[in-house]
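Worksheet: one structure, shown below.
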There are 2 protein chains.
Amino acid sequence: MMPDLDPNTDLSFTRTLAVPRSLVWECWTRPEHIPHFFVPAPHTVTAVDIDLRVGGRFNTVFNVDGNEMDNKGVYLDVVAEEKLVFTDAYTEGWKPAPEPFMTAILLLADAAGGGTTYTAIARHRNPDTRKSHEDMGFHDGWGTVATQLEAYAKGLKK
Amino acid sequence: MMPDLDPNTDLSFTRTLAVPRSLVWECWTRPEHIPHFFVPAPHTVTAVDIDLRVGGRFNTVFNVDGNEMDNKGVYLDVVAEEKLVFTDAYTEGWKPAPEPFMTAILLLADAAGGGTTYTAIARHRNPDTRKSHEDMGFHDGWGTVATQLEAYAKGLKK
């Protein structure tokens, strides 16, 4: 299930979340949930536009220190409650982006003791892009997002 | 059905082929057929490895003037007998390529007078890449491939 990782171009992160993977999936794929966890606070998500299918859009707008950041991408693979692959290498309609940054693979599995084994992989075109993502704080950033996601999803649990 | 084209980054080509689209689809998606039409003669295809699904490999080796050219890619969208999208921007497993060249969209439709309306679109990351593809002979190349495909497919018709 875990894809081959290339240490020169990939970053990855695994954590166990104390919420069921159906809920993790719902948080990641429904626009009303995304603003509650998707960027590390105090940054905010100000818009989400999702068409959850292969080739469908995954567009978000962030507010980072007062600046709007427009992120456009598409889903490459969608396996409900198991795997979500998306990238900024395309916008909807398979239009290639001039300078793609990353391709993200999110993997969800049942954890042995309950909850969800949550793995995020970021793949890059070359070692320099990987390095810049690491320097931007990949591990802290995705860690904070996972913590926020877990806290938010716990509040949704019925 | 026809996607928006961007004249700065896209190249496209449409022709009517006198063979049914089921046969055109079969030629494009079964490895035993690819060597019979896929590169302009006298160049040849020496290997084909296909896993026809979203994210699956579409790998070929060409012999061009005695030099082996290794082409690795994946399918991005597969709609039987209608649409095939593939690119060299990834290899199997969603590994981004350092310098992607193009994303190809092949569209098949029933032609009004019979046969197949055959459209090939090549999308590029930037105008320079589009230009180099045009200068390499996109129109002649894809035209020759369409002619070869039609002739080969006619021989397959039952």
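Scan the stretch B:1-32 residue by residue and report those that are open to solvent by less than 30 Å² (accessible area, probe 1.4 Å) and either of a type in the set (A, V, I, L, M, F, W, C) or away from every other protein chain (no Cβ under 13 Å) (or both). Step through it out loud before you land on a result.
First, the residues of the stretch B:1-32 that are open to solvent by less than 30 Å² (accessible area, probe 1.4 Å): B:9-11, B:13, B:17, B:19, B:23-25, B:27-29.
Within the stretch B:1-32, B:11, B:13, B:17, B:19, B:23, B:24, B:25, B:27, B:28, B:29 meet the criteria.
Cβ-Cβ below 7 Å, separation at least six or inter-chain, first residue in the stretch B:1-19 and among the basic types (Lys, Arg), second open to solvent by less than 80 Å² (accessible area, probe 1.4 Å) and part of a strand (DSSP E or B): which pairs?
That search, which allows pairs on different chains as well, returns B:15/B:118.
With the condition kept exactly as written, say whether any residue in the stretch A:118-131 is in contact with a helix residue (DSSP H, G or I) (Cβ under 7 Å, 6 or more places away or on another chain), part of a strand (DSSP E or B) and of a type in the set (A, V, I, L, M, F, W, C). Show your work before the answer.
Of all residues in the stretch A:118-131, those in contact with a helix residue (DSSP H, G or I) (Cβ under 7 Å, 6 or more places away or on another chain) come to A:118, A:120, A:122, A:124.
After this cut, where a residue has to be part of a strand (DSSP E or B) as well, the list is A:118, A:120, A:122.
After this cut, where a residue has to be of a type in the set (A, V, I, L, M, F, W, C) as well, the list is A:120, A:122.
Checked against the condition, which is being in contact with a helix residue (DSSP H, G or I) (Cβ under 7 Å, 6 or more places away or on another chain), part of a strand (DSSP E or B) and of a type in the set (A, V, I, L, M, F, W, C), the stretch A:118-131 yields at least one hit.
Note down all Cβ pairs under 7 Å where the first residue falls in the stretch B:75-86 and is within 11 Å of another protein chain (Cβ to nearest Cβ), the second is acidic (Asp, Glu) and assigned to a strand (DSSP E or B), and they're at least six residues apart or on different chains.
B:83/B:77; B:85/B:77
Would you check if residue A:155 is out of contact with any helix residue (DSSP H, G or I) (no Cβ under 7 Å at 6 or more places or on another chain), at pLDDT below 95 and more than 12 Å from chain B (Cβ to nearest Cβ)?
On the way: out of contact with any helix residue (DSSP H, G or I) (no Cβ under 7 Å at 6 or more places or on another chain): yes; at pLDDT below 95: yes; more than 12 Å from chain B (Cβ to nearest Cβ): yes.
For residue A:155, the condition - out of contact with any helix residue (DSSP H, G or I) (no Cβ under 7 Å at 6 or more places or on another chain), at pLDDT below 95 and more than 12 Å from chain B (Cβ to nearest Cβ) - is met.
Could you figure out which of (1) open to solvent by 20 Å² or more (accessible area, probe 1.4 Å); (2) on the phi > 0 side of the Ramachandran plot isn't true of residue A:94?
Result: residue A:94 fails condition (1) only.
Taking the conditions exactly as written (in a strand (DSSP E or B) and either over 15 Å from the mean Cα position of the chain (by Cα) or without any contact (Cβ under 8 Å) to a residue 40 or more places away in the chain (or both)), does residue A:151 satisfy them or not?
Details: in a strand (DSSP E or B): no; either over 15 Å from the mean Cα position of the chain (by Cα) or without any contact (Cβ under 8 Å) to a residue 40 or more places away in the chain (or both): yes.
Judged against the criteria, residue A:151 is not a match.
Restricting the search to the stretch B:97-109, which residues are open to solvent by 50 Å² or more (accessible area, probe 1.4 Å) and either touching a residue at least 24 places away in the same chain (Cβ under 8 Å) or under 23 Å from residue B:141 (Cα atoms) (or both)?
Our first condition is that a residue be open to solvent by 50 Å² or more (accessible area, probe 1.4 Å); within the stretch B:97-109, this holds for B:98-99, B:101.
Those that are open to solvent by 50 Å² or more (accessible area, probe 1.4 Å) and either touching a residue at least 24 places away in the same chain (Cβ under 8 Å) or under 23 Å from residue B:141 (Cα atoms) (or both): B:99, B:101.
From the list B:39, B:19, pick out the single residue that is at pLDDT below 95 and outside any helix (DSSP H, G or I). Even if it seems obvious, please write down each step before you answer.
On the way: B:19 fails: at pLDDT below 95.
Answer to the check: B:39.
The values are calculated or read from the model by the stated rules, or taken from the named source; none is laboratory data. Not measured: the values here are computed from a predicted model. Here Cβ is always computed from backbone atoms with ideal geometry, including for glycine, and neighbour counts include all displayed protein chains. What goes into the accessible areas is simple: the full protein's heavy atoms, side chains included, and nothing from ligands, DNA or RNA. Shrake-Rupley method; radii C 1.70, N 1.55, O 1.52, S 1.80 Å.
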